[in-house]
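Reading through the structure tokens given below for one structure.
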Amino acid sequence: MATLSAADHTELARALGRAVRGEVRFDPAERAVYSQDASNYRHLPLGVVSPADRADVHAALAVCRERGVPVLARGAGTSVGGQAIAPGAVAFDFRRHLGRVLAVDPAARTARVEPGAVLDRLQATAHPHGLRFGPDPSTHSRCTLGGMIGNDSCGAHSLAWGRTSDNLHSLEVLLADGTELTLTGPTTPEQRRELRQRPGREGELHRSLQDLAAGHLPLLRTGLPDLPRRTSGYALDALLPERGYDLARAFTGTEGTCGLLLGATVRLVEDPPARALLIAGYPDETAAADAVPGLLPLRPLTVEGMAADLIEALLAAGPRPPALGHLPEGGCWLFLETGGATPAAALDAARALAATVRRTPRATTALVTDPAAQRALWAVREAGAGIVTRLPDGRQAWPGWEDSAVPVERLGSYLRELRSLLKRHGLRGVPYGHFGEGCVHLRIDFPLPGGQGAAVFREFMEQAADLVVAHGGSLSGEHGDGQARAELLPRMYRPEVIALFGEFKRSWDPDDTFNPGALVDPRPLDADLRFPGRDLLPLALPYEQDGGSLLTAVHRCVGVAKCLDTETGVMCPSYMATGEERHSTRGRVRLLAELLRGEFLTNGWQSEDVREALDLCLGCKGCASDCPVHVDMATYRTEFLHQHYRRRLRPRAHYSLGWLPLWLRAAALAPALADRAVRSPLLRRLGGIEPERPVPALPTETFARWYRRHRAANPELPGATPVVLWPDTFTNLLDPAPARAAVEALERLGFAVRLPTGPVCCGLTWISTGQLAPARAALRRSLRAVPPGLPVIGLEPSCTAALREEAPRLLGAEAGGLAGRVRTLAEFLEESGVELPSAPSRAITQVHCHQHAVLGTAADRRIEARLGIANQVLDSGCCGLAGDFGFTAGHHDVSVAAAERRLLPAVRAADPDTEVLADGFSCRTQIAGLAPGRRARHLAELLRDRLPDRPRAT
């Protein structure tokens, strides 16, 4: 493939722009965002096309074909072998617009889908009919059916329901010359003869493929291992006459190298109405693997293996999930799921499995029937690909030898020898995976970012390939080959088979248009690595979990794309609103990685591409908790803004909203006058404030003034336990009601509420705009005002989180022990052990993003239950206001879209007597502004209303 000149590159972009209705983007940011998938590799595309419909796919392909430009089909970009990236290709993003589930036929148990349809969307559409798609990779919330067909994906339940290739009825495919054809399953000899006689390119393809099979029958019958999990190379044996010349199966797993998928009709299976989960514990993973063959005759739905070092890595990354309490004693666990028409039937099947497990010496069992507990346990298993990217000692681990598979009866032996191989190379990894089918996932601490890492990587990969072949296995058991393993295919297959792979590819794609170099004539496995880069020193933040390196921090992202899940969680609100990859956590990390690499984005901290992508980051910190590897984009954004605007003029909103604590203190001197001023269109424009955003009215009395009046009239009761209330900027100067309620409630419970000796501020408005010097100064002044030794209660979640997390990060040892003394109101109440009155009521709760990410909400839920509140916690993600974000000019549409996704519909639909709980000032403000007539309240207000008045001091 010839490299395009700048003029040809521009002309190609313009030609595509004229030809299609969907988006065409050839700018540096888009190319950088699509340069990586979930593998170790990096390839810059020429540009990205998001086809609006089938006609766009035809038109875009024609433009590329006329210019000899390769084409790459892309779904969610979660391929771990490098299949979803290709150098010098135009990437077709099918997920953006071609993601519909077109129809479900319950009688035929089939569904018609577009290539970009997300698996969970299909499952949700099929569920009301008691049906589901059998394969379910751990990325089910964002992976696409097109990608699953491209890789022949499997998942935990393929043991029961097969791989993707086992669940297809027909595929609609577009060839490079523009021919569109339908591929079906097994055919009769008469049908095959009819296919050969079809005119044009379609008949030519069928004659070529049938002749390929007929001319090599012995080789196809003996040269490809018969495994339940063989996804390495092409499935040429599907062309055998005894298999009915199954073209749908042969095309599945071709990794986008043969044609473009336009649509598919997939088969559905019955979804068991009831399930039980048996957890079987064994001393180690080889003991668990050795036990698997004896369990398979009982036909469990899953046999998933997870060893203790995965749990160790999970605990090293964050708090212990309560679900782990269900694990029985052991060093490795098998997740054995059973199903049935009734809970009793599922339970009986699980008990039969348990009886078999207990016949193995030192094996233990735990039976889990609660659906919520089952989901929590499966969530731990599904997060494995992210969890094991950081080993328990903090070292990074990488894909490569990602999903080898062997006959299940040889799995124990293979795991023992694989561990020995790792040890010989001085490497460590965490095996887990689909033990019921002999498939092992493994992330390894290859020293890839280092100078000699590629050589170590190559040597291990070659020896591991020989090891799995010696065990009669496959290089890949579900993720395909890509650049990571295609070079190793000659170690698994005879030269004659490798030659047939090339012939097969040329039959479909004679000009090598589709994903060149992915399987045939592959690129070296140790080339094109994504890791080069350097830190641009000095950095402003410590990156204490990443060895002080922003480069190491951004390399946390391995591309598993949980940030592309638009259905649940907090991460990533801007992607949920825009649907653009550059506005996802992963997309922004890719841009930061390119900035630090310095080859394509060459302006360093002055990069406008990075600034533009970060502009719509809400700073919600959802990624810091929801991302399996805890990417903290809010922190990286702070670093970038600090460096980008250092000694430069900043956006107007940085001066108005970033310095809001000072402006509000001044406004408090004359609130009525200030209220009129901030409603001036001129002043709003000068301050960079969104003209459509309502500005909250200033209170006539600040909380601090109210407190002085209150304390004068209500002295501390003798013997009351002292506690400090943090009067944050928002609570003190914008919405004092929660703080007044907190004081009254705490005093009624027997506490003496005190305030710091002077004004305090956590510095968050400066932190979020990258102004770290004033943030540090504000924190230092505040720390001097906090009485020593007493617990400090924070009411505003963002400020409380800043005191707990940002203060130590910015001040280091200067922060002292403040972070350890800071509590939310619910945490303080729970730790104090006070009795609380219970009065039945109903509520819906919008959890503040920073509380979700940093503080946690378990104490809040327990306190609400003790108060008698029947509470529904909304899975609504970020409210969209996010501090200064929703007030900044240019952010209004995204801010409103984030709120309208789940939050506002739930608030509007709530009964009038249902309380709306929102501890965050931003959340309450967003609800008040966009859901007129509903006022959200703080937990402190509900608590105060349930408590009798306190006795007066005498």
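A Cβ-based charge dipole, computed about the Cα centre of region 544-648 with Lys and Arg at +1 and Asp and Glu at -1, lands at about 280 debye.
Toward the positive end of the charge dipole of region 465-610, with +1 on the Cβ of Lys and Arg and -1 on the Cβ of Asp and Glu, the farthest Cα among 513, 500, 607 is that of 607.
For the chain, divide the Cα radius of gyration by the Kirkwood radius and give the resulting Rg/Rh value with two decimals.
Details: Rg = 29.7 Å, Rh = 29.9 Å.
Radius of gyration relative to Kirkwood radius: 0.99.
Each 5 Å bin from 0 upward holds the following percent of the Cα-Cα pairs of region 274-476: 1, 8, 16, 19, 19, 15, 11, 6, 3, 1, 0, 0.
Count Lys and Arg as plus one, Asp and Glu as minus one, and take only other residues whose Cβ is under 14 Å from that of residue 683; the net charge is then +4. Taking amide H as placed 1.01 Å from N in the peptide plane, the amide H of residue 444 sits under 5 Å from that of 398, each at least 5 places away or on another chain.
Dipole orientation for the chain: of the candidates 298, 800, 414, 800 has the Cα lying most toward the positive pole (charges on Cβ; Lys, Arg +1; Asp, Glu -1).
With an a/c value of 1.5 or above and a/b larger than b/c for the gyration tensor axes a ≥ b ≥ c computed over the alpha-carbon atoms, region 6-92 is described as prolate.
Rounded, prolate or oblate: which fits region 434-565 when a ≥ b ≥ c are the square roots of the eigenvalues of the alpha-carbon gyration tensor, with rounded for a/c under 1.5 and prolate only if a/b beats b/c?
Numbers: a/c = 2.14, a/b = 1.78, b/c = 1.21.
It comes out prolate by the Cα gyration axes.
Spatial offset of region 43-63 relative to region 256-333 amounts to 38 Å, using the alpha carbon center of each.
When the accessible area of region 338-440 is split by element with a 1.4 Å probe, what percent falls to carbon and sulfur? So the carbon and sulfur contribution to the accessible surface is 53 percent. Exposure check, 1.4 Å probe, all protein chains in place: residue 621 carries approximately 10 Å² of accessible surface. What separates the Cα centres of region 388-429 and region 713-741 is a distance of 55 Å.
Placing +1 on each Lys and Arg Cβ and -1 on each Asp and Glu Cβ, with no other charges, gives the chain a dipole about its Cα centre of roughly 2660 debye. When the alpha carbon gyration tensor of region 101-270 is reduced to an equivalent ellipsoid, the three semi-axes, largest first, read 27, 18, 14 Å.
Can you compute the helix-only [θ] at 222 nm over the chain? Use -39500 (n - 2.57) per DSSP H run of at least 4 residues, normalise by all residues, nearest 500 deg cm²/dmol.
-11000 deg cm²/dmol
Taken about its Cα centre, region 281-434 carries a charge dipole of about 240 debye when Lys and Arg each add +1 at the Cβ and Asp and Glu each add -1 at the Cβ.
Within 10 Å of each candidate Cβ there may be at most 11 other Cβ atoms; applying that plus a DSSP loop requirement, which GluC sites (Glu not before Pro) in region 370-478 survive? List each step's numbers first, then the result.
Numbers: sites: 382, 402, 409, 417, 437, 459, 462, 478; in loops: 402, 478.
Loop-located and lightly packed - none at all.
Summed over the residues of the chain and divided among them, the accessible surface reaches 36 Å² per residue at a probe radius of 1.4 Å.
Could you tell me how far the Cα centroid of region 590-643 sits from the Cα centroid of region 907-933, in Å? Their Cα centres are 32 Å away from one another.
The values are calculated or read from the model by the stated rules, or taken from the named source; none is laboratory data. Here the structure is a predicted model, which means the values were calculated and not measured. Please note: Cβ atoms are built from the backbone with ideal geometry, for glycine as well, and neighbour counts cover all protein chains shown. The area values use the complete protein model at the heavy-atom level, side chains included, leaving out ligands, DNA and RNA. Shrake-Rupley method; radii C 1.70, N 1.55, O 1.52, S 1.80 Å.
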